[in-house]
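Below: the structure, in structure tokens.
Coordinate-derived values only; no laboratory data. Because the structure is predicted, anything quoted here is derived from the model rather than measured. As a convention, Cβ positions derive from the backbone with ideal geometry for all residues, glycine included, and neighbour counts pool all protein chains shown.
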Amino acid sequence: MFSSIQTYLKRNSMENLFNSKYSFDLWLRACHINLMTQIAIQMSNEDNSINKDILYVCCMHHDDGQALQYKQFGIFNNSVSHHALGLDMLDTFLTTYNVTVTPEIQILRACIYYHGRTQLAGDSLDAQTLKYVQLVSAADEIETCCLAPVGYLPRQIANDTLCIRTAALMPSKKIRSEIWDAFKKGDLLSTEDSAHSYAEHLLFEATKAIQCIKKYGEPAKSAMNMNCYAYPSAVAGFTSLFHQNMTCEDAKHATQILLDALK
Ligand SMILES: [Fe+2]
């Protein structure tokens, strides 16, 4: 399995492509890939038809194109599709070395190109390939919405990346009542620029996590308890961030709403 592209997989191992020694951004991406792989493997336990070795390779390589973005632009520049970059990188290898495209390689190609946008595939994927693409997409979304925020938020808040403190629209820990109401209902839209404080921004991010928990149920709930980004769990990460950036009362309230979503 994948023996025909061992050289490719080794040369483009996740550790090589996202070498954390070089930047915090690469470390975050490496964590994302490792965590979403664990989530996908866990989710695949319910389906005996999924080959875990194939799924593992698909997960570990689904974002290869992002490493090329970073190499070319010094940032993860989404104006250039990482789906297309990743597939192009693989296809260039296949063509250069005249590799026979096996069914496993076709599954990997599909996961790289269609993850997170399965609808683009139309009817072009067979049922089994579609299962892999859907698993990679689901695990990718769960990691991105439920876990990743506790990785990037501390630096985003400390550096005021979103210029929310600079705009000084209101005290940094204040949360408007309409934002609280929307958060409690779970219909707060994640438009970062509508947050007037980092306390509000945290509620936007927590809403994304809660919406993802509602969408995927148990796999997202158990993911929230995974050790991630130097926190014992994503729940612990959110709780810590709430307490650092909200009043004590608001932090307790926000934590309780998050915990209720996990019941
Ligand atoms: Fe991803």
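Backbone amide hydrogens, once placed in the peptide plane, bring residue 125 within less than 5 Å of nothing, excluding anything fewer than 5 places away on its chain. The length gained on full extension between residue 262 and residue 161, counted as 0.36 nm times the residue separation minus their Cα-Cα distance, comes to 33.4 nm. Estimated from helical segments only, the mean residue ellipticity of the chain at 222 nm is -19500 deg cm²/dmol, where each DSSP H run of four or more residues counts as -39500 (n - 2.57).
As a rough guide to protection, the peptides 69-78, 204-213, 9-18 ranked by mean Cβ packing within 10 Å, highest first, stand as 204-213, 9-18, 69-78.
Size descriptors for the chain, from the alpha-carbon set: Rg then Dmax equal 19.7, 63 Å.
In this simple spin-label approximation, residue 11 and residue 120 carry label points 7 Å from Cα along the Cα→Cβ vector, and these lie 2.4 nm apart. Note on the chain: with a GNM built from Cα contacts shorter than 10 Å, the maximum mean-square fluctuation among 96, 37, 239 falls on 96. Taking the range 1-38 and a reference point 7 angstrom along Cα→Cβ of residue 51, the backbone N atoms nearer than 19 Å belong to 1-10. The range 97-117 and the range 159-238 have Cα centres lying 35 Å from one another. Of the DSSP H helices in the chain, those with a Cα length along their own long axis of 24 Å or more and a mean Kyte-Doolittle hydropathy reaching -0.5 comprise 24-44, 198-216. Which whole number in µm²/s is D for the range 175-263 by Stokes-Einstein, with the Kirkwood Rh taken over Cα pairs at 37 °C and 0.692 mPa s? After rounding, the answer is 252 µm²/s. In this simple spin-label model, placing a label point 7 Å from the Cα along the Cα-to-Cβ direction at both residue 218 and residue 4 gives a separation of 3.7 nm.
Counting 0.36 nm for each residue step from residue 78 to residue 27 and taking away their Cα separation leaves a gain of 16.6 nm. Dipole check for the chain: with +1 at the C-beta of Lys and Arg, -1 at the C-beta of Asp and Glu, and the Cα centre as origin, the magnitude is about 480 Debye. Computed from phi, the 3J(HN,Hα) profile of the range 74-80 under the Karplus parametrisation 6.51, -1.76, 1.60 (θ = phi - 60°) reads x, 9, 7, 7, 7, 6, 10 Hz, with x in place of Gly and Pro. Extending 7 Å from the Cα toward the beta-carbon at both residue 88 and residue 227 defines two label points whose distance is 3.9 nm. For the chain, the Cys residues with no second cysteine's beta carbon closer than 4.7 Å are 31, 59, 146, 163, 228, 248. The alpha carbon radius of gyration of the range 210-258, expressed as a multiple of 2.2 N^0.38 Å, is 1.18.
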